[in-house]
Amino acid sequence: MMKKYFLWIFFALFSVACTNPAKENLELSPWLSSGTSSENSLRNSPPDNSPEERILNLSKMIEVTLENNPKIKSSRYHWQGVIEKYPQVVTLPDPNVMYSYFLENTETRVGPQKHAVKFTQKIPFPSKLFLRGKIVKKEAQVAHLGYERVIRDVIAEVQKSFYELLYIERALEITKKNEDLLGHLTKVSAVEHSEEKTILADVMKAQSQLSQLGYDHIRLEELRRVEVGQLNALMDRAQSASLQIKDFSYPARQNLPDFPAIHQFALQKNQEVLASQVEIDKADTRLSLAFQEYFPDLYVGFNWVQIDRNIGNLNFSDDGQDTFALTFGIDVPLWLGKRNARVRESRFEIKRAQSFKKDLENQLAAKIKKIYYKASNARRLVELYQKNLIPQARRTMEISENWYRDGKGNLLGVLETQSVWLNFSLSLARAQSDYAQGLVELARLSGGDLPYDSQNRSQNGSQNRSQNGSQTLEGEKQ
């Protein structure tokens, strides 16, 4: 009867020990799912290499990039891999089973021992498994923020490459118009030179400018192929794939938010800053775990010894009966030096993480200020060229052409005014692209959005949810 009680007590203890102490946390953690529905749809989407997908706008480019970009996939797999660490650290260690065969039977009162089986299970101090699981949760949060950061950076690369391509397209258009106009003027000047109405220097000036425009046209075509290749790489398309873009447009935005607003928004949303705070929390959890190492781990076990029943004399009722035993043990935290060192290491790690976060915030402020200045300056240049310089250059060019036709001016004056107008037009296109790229970079540093973009998206999302019940990702990007 006593043996049955021992067996019952042992199996009850073993059942409690094998219960996963972090199961509830696992079930209540939404980040432990294998992926959201949008991620699953991205994962199952086919590559975008079909001919009908060649005509793209910026929104479609971002959608294709999110579906196919290998860097985004790699970061998502890394995040999902970190999640799988959780069940590894919150589960009890594997039990230990040992078998013994007695080469020389040990005689006991109930008979000689023949075989022995020992089962042992280590049970860490109760809070250790919880803290180890908490550390993995923090690592998963860092990995998820890294995943968001990769998406943010890749989308920013697509946008900046698109606006660079937009500048190239505008420059090609302006250069082509000037080539046609200058080609016509060159032919006219050649005829007038034969009639001694124009000097040779003006004719040579026109021809040299036409050659320069031809070189610029070739250079811009090559730059266009480079940017198309960059976009194809980001969308995981073949480098030879053609790319036709429609809906070329710059962001319709008049004013930038002030620097303090962008800075404060970035401190709250920037993925690197958020990840640094999670690292501080993780280091603090490691310190708590280091203190738990001062407490011993528990061992529970069960022993069974088989008694040889092939004995001649059975003088007592329990002769030849197997023996059973429950065992309990603990680790003795004897070497305190290494535990003290682990605590000191954890405290230094907390200070390191805090200093790293502070440096990130300082560098973030400096980068935002630098990009903010460039974007503001580009915006001022856009207004200057649109409102003053280009209209003045256009009027001057028209007057110079009229004087040349009326015989009051010369070809050199027409060429000079046309060159000024060309440079101003190219500078306007460059400033527009610089401003758009500056906004993209500011949004990247701010976690993917600027303050008013975030507010507008939240307001639009609330309106659409009230009307339609949902809002698509593409609508948000637009």
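Brief remarks follow.
- Members of segment 73-107 that are under 11 Å from Val136 (Cα atoms), surrounded by 15 or more Cβ atoms within 10 Å (Cβ to Cβ) and not hydrophobic (A, V, I, L, M, F, W, C): Lys85, Tyr86, Pro87
- Filter result (aliphatic (A, V, I, L, M) and at pLDDT below 90) within segment 292-308: Val305, Ile307
- Residue identified as within 32 Å of the chain's Cα centre (by Cα), of a type in the set (Phe, Trp, Tyr) and part of a helix (DSSP H, G or I) among Tyr372, Tyr385: Tyr372
Yes or no, residue by residue, for (1) modelled with pLDDT under 95; (2) within 30 Å of Ile151 (Cβ to Cβ); (3) of a type outside the set (A, V, I, L, M, F, W, C):
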position	(1), (2), (3)
Ala366	no, yes, no
Glu383	yes, no, yes
Ala393	yes, no, no
Gln418	yes, no, yes
Leu422	yes, no, no
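- A count restricted to segment 77-124 and to residues that are at pLDDT 90 or above, assigned to a loop (DSSP other than H, G, I, E, B) and aliphatic (A, V, I, L, M) stands at 2.
- Condition met for Leu129 (part of a helix (DSSP H, G or I), surrounded by 15 or more Cβ atoms within 10 Å (Cβ to Cβ), modelled with pLDDT under 95 and not basic (Lys, Arg)): yes
- Residue match in segment 342-364 (condition: aliphatic (A, V, I, L, M), more than 30 Å from Glu293 (Cα to Cα) and surrounded by fewer than 16 Cβ atoms within 10 Å (Cβ to Cβ)): no
- Of all residues making up segment 229-253, the number that are surrounded by 13 or more Cβ atoms within 10 Å (Cβ to Cβ), modelled with pLDDT under 90 and not in a loop (DSSP other than H, G, I, E, B): 1
- Of all residues in segment 309-326, those satisfying the criterion of being modelled with pLDDT under 90 and touching a Phe, Trp or Tyr at 6+ places or on another chain (Cβ under 9 Å) are Asp322, Thr323, Phe324, Ala325.
- Here Thr186 meets each of (1) at pLDDT 85 or above; (2) surrounded by 16 or more Cβ atoms within 10 Å (Cβ to Cβ); (3) in a helix (DSSP H, G or I) with one exception, condition (1).
- Taking segment 322-369 as the range and being among the small types (Gly, Ala, Ser) and in a helix (DSSP H, G or I) as the test, the residues that pass are Gly337, Ala341, Ser346, Ala353, Ser355, Ala365, Ala366.
- Of all residues in segment 375-407, those that are surrounded by fewer than 18 Cβ atoms within 10 Å (Cβ to Cβ) and either within 30 Å of Val440 (Cβ to Cβ) or touching a Lys or Arg at 6+ places or on another chain (Cβ under 7 Å) (or both) total 10.
- So Leu103, is it hydrophobic (A, V, I, L, M, F, W, C) and free of Cβ contacts under 8 Å to residues at least 24 places away in the same chain: yes
The values are calculated or read from the model by the stated rules, or taken from the named source; none is laboratory data. Quick caveat: nothing in here was measured; it's all calculated off a predicted structure. Here Cβ is always computed from backbone atoms with ideal geometry, including for glycine, and neighbour counts include all displayed protein chains.
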